[in-house]
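Written below as structure tokens is the structure these notes are about.
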Amino acid sequence: MKEEQIITIELDLAKDIKFRNPLLLSSYVREKVEGSKEEFYLFVDEIQMSDEVTNPYNEGGKKITFYDALNDLRSLSNLDVYVTGSNSKMLSKDVMTEFRGRGDAVEVYPLSFKEYYDFVGGDKSEAYEEYALYGGMPLIISKKTDDEKYRYLSTLFTELYFKDIIERYKIEMPDVIGELTDDLCSSIGSLTNATKIANTLQTVKNIKVASHTISRYLEYLEESFLFRCSKRYDVKGKKYFSYPSKYYCADIGLRNVRLNLRQQEETHIMENIIYNELITRGYSVDVGVVEIYENDEAGKRRKVSCEIDFVVNKGAKKYYIQSALSMNEPAKAKTELRPLLGTKDFFKKIVVSKSSMKPWIDEDGIVHLGLYDFLLDEELINM
């Protein structure tokens, strides 16, 4: 392949600023590609910086956008187009709506712990503690001091994510979405819903807001890749519950800095990191609900609802995974194992704990993995 067959346009750079005009972008690429027998590859970066321009043939009509330019370039059979963007002004769902059936969206995640560790090396425990504090946003690796890391993540949260969300959705109550974000960050891995959040805001913050507004704001935060929602799934009944759900931060470092590094609950942070790891590996992840029957202290039979942290699916593969900081205490171990044993099925059951023990399988067939091994070896859950 010749170098001239690759066309790179970076809309955030002055040299390519004219191509923010979608008509100029389309015209420029056509001149290079049209009529040639060679295959060409177009890479457009920071597409969200593209402008909307007046239609020169209908000044009062609909404005021309980058969607129009890309649709035009699709007619060139010898051209492949790759478009990248980095914030909520250009959501992947918007792109896929415009190009339904004619393109693919590829989500780029923050660094997994393995990717992070491959770069920093050293002691696994020390690397994990740093990762659990500052997360996996790629540029964090280049920051040398704690102060630099904190300022970078804080600026990223407020100047990129939050401003974009407020501008894109024309948020009329920025304080409310700020409080909502703080609430989700404080309660990662906890069950919640829009009504519960609205009631909390009114009771604790004296902020009155309708639950349907909270529902919309939750969708905005998800669409902007700040949070992910995990629904509750009835393992035996094989159905989903409408609410409540769990929310996890897409990057744990952004979460920690948003809370000024105050709430460092190791158990919840570990659960969030495991959740993100599973998402990065391409699994769908739900919260499992298992109803079991047991005798109470009086000997009466009762039904108890237990929770499996993650019901994990990809294709024909299905796993039940518990996140447990420690399994050293018998009472804690019993609590973690009870819902796994209560499924009464034959899908693989896994407990991930912050342990240095090598992987092993107990007498009930449950696989026990150490956290670092789980995060560093993608194939380990298939043992």
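The values are calculated or read from the model by the stated rules, or taken from the named source; none is laboratory data. Computed from a predicted structure; not experimentally measured. Every residue, glycine among them, receives a Cβ derived from its backbone with ideal geometry; neighbour counts consider all protein chains shown.
Quick grid of which residues meet (1) more than 27 Å from I308 (Cα to Cα); (2) hydrophobic (A, V, I, L, M, F, W, C); (3) not assigned by TED's automatic domain parsing to the domain that holds L160:
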| position | (1), (2), (3) |
| --- | --- |
| L184 | no, yes, no |
| V204 | yes, yes, no |
| S224 | yes, no, no |
| K239 | no, no, yes |
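In this structure, is S326 closer than 22 Å to K354 by Cβ, of a type in the set (S, T, N, Q) and either touching a helix residue (DSSP H, G or I) at 6+ places or on another chain (Cβ under 9 Å) or surrounded by 13 or more Cβ atoms within 10 Å (Cβ to Cβ) (or both)? Criteria met by S326. Look at (1) at positive phi; (2) surrounded by 13 or more Cβ atoms within 10 Å (Cβ to Cβ) and you find that L70 fails only one, number (1).
Only one of the listed residues (I197, I188, I214) is of a type in the set (A, V, I, L, M), outside any helix (DSSP H, G or I), closer than 30 Å to S305 by Cα and outside the structural domain of G370 (by TED's automatic domain parsing). That residue is I188.
Please work out which residue is nearest to T8 (Cα to Cα), limiting yourself to the range 18-74 and to residues that are assigned to a loop (DSSP other than H, G, I, E, B) and among the acidic types (D, E).
E46
The residue pairs whose first member lies in the range 126-147 and is within 21 Å of N260 (Cβ to Cβ), whose second member is of a type in the set (K, R) and part of a helix (DSSP H, G or I), and whose beta carbons are closer than 8 Å, counting only pairs six or more residues apart or on different chains, are Y134/K149; G135/R255; I140/K149; K143/K149.
Checking each residue in the range 33-56 for being in contact with a Leu (Cβ under 9 Å, 6 or more places away or on another chain) and within 20 Å of E3 (Cα to Cα) picks out V33, E34, E39, F40, Y41, L42, V44, D45. If only residues of the range 217-231 that are assigned to a helix (DSSP H, G or I) and among the aliphatic types (A, V, I, L, M) are counted, the one that is surrounded by the most Cβ atoms within 10 Å (Cβ to Cβ) is L221. In the range 50-64, the count of residues that are closer than 30 Å to L160 by Cβ, surrounded by 19 or more Cβ atoms within 10 Å (Cβ to Cβ) and touching a Lys or Arg at 6+ places or on another chain (Cβ under 9 Å) is one or more. I197 meets all of the listed conditions (1) farther than 24 Å from L371 by Cα; (2) surrounded by fewer than 21 Cβ atoms within 10 Å (Cβ to Cβ) but one, namely (2). A Cβ distance below 9 Å, combined with a sequence gap of six or more or placement on separate chains, defines the contacts here; from the range 11-22, residues that are in the same structural domain as F43 (by TED's automatic domain parsing) reach residues that are among the aromatic types (F, W, Y) and at pLDDT 95 or above in the pairs L11/F19; K18/Y28; F19/Y28.
At least 3 residues being among the β-branched types (V, I, T) and in contact with a Leu (Cβ under 9 Å, 6 or more places away or on another chain) is the threshold, and among the strands (runs of 3 or more DSSP E) wholly inside the range 232-339 those reaching it are 284-295.
Just to be sure before I move on: is E34 under 22 Å from I64 (Cα atoms) and either exposed (fewer than 15 other Cβ atoms within 10 Å of the Cβ) or outside the structural domain of V53 (by TED's automatic domain parsing) (or both) in the structure I sent? Yes; evaluated as a whole, the condition is true for this residue.
Within the range 38-49, the residues that satisfy the criterion of being among the aromatic types (F, W, Y) and surrounded by fewer than 18 Cβ atoms within 10 Å (Cβ to Cβ) are Y41, F43. Note on the range 256-298: residues that are more than 22 Å from L325 (Cα to Cα), of a type in the set (D, E, K, R) and either touching a residue at least 40 places away in the same chain (Cβ under 8 Å) or touching a strand residue (DSSP E or B) at 6+ places or on another chain (Cβ under 8 Å) (or both) amount to 4. When the range 264-288 is filtered for residues that are of a type in the set (S, T, N, Q) and within 14 Å of the chain's Cα centre (by Cα), the ones remaining, listed by number, are N272, N276, T280, S284. Among the residues of the range 366-374, is there at least one that is in contact (Cβ under 8 Å) with a residue 60 or more places away in the chain, outside any helix (DSSP H, G or I) and either assigned by TED's automatic domain parsing to the domain that holds A127 or touching a helix residue (DSSP H, G or I) at 6+ places or on another chain (Cβ under 7 Å) (or both)? The answer is no; no qualifying residue exists.
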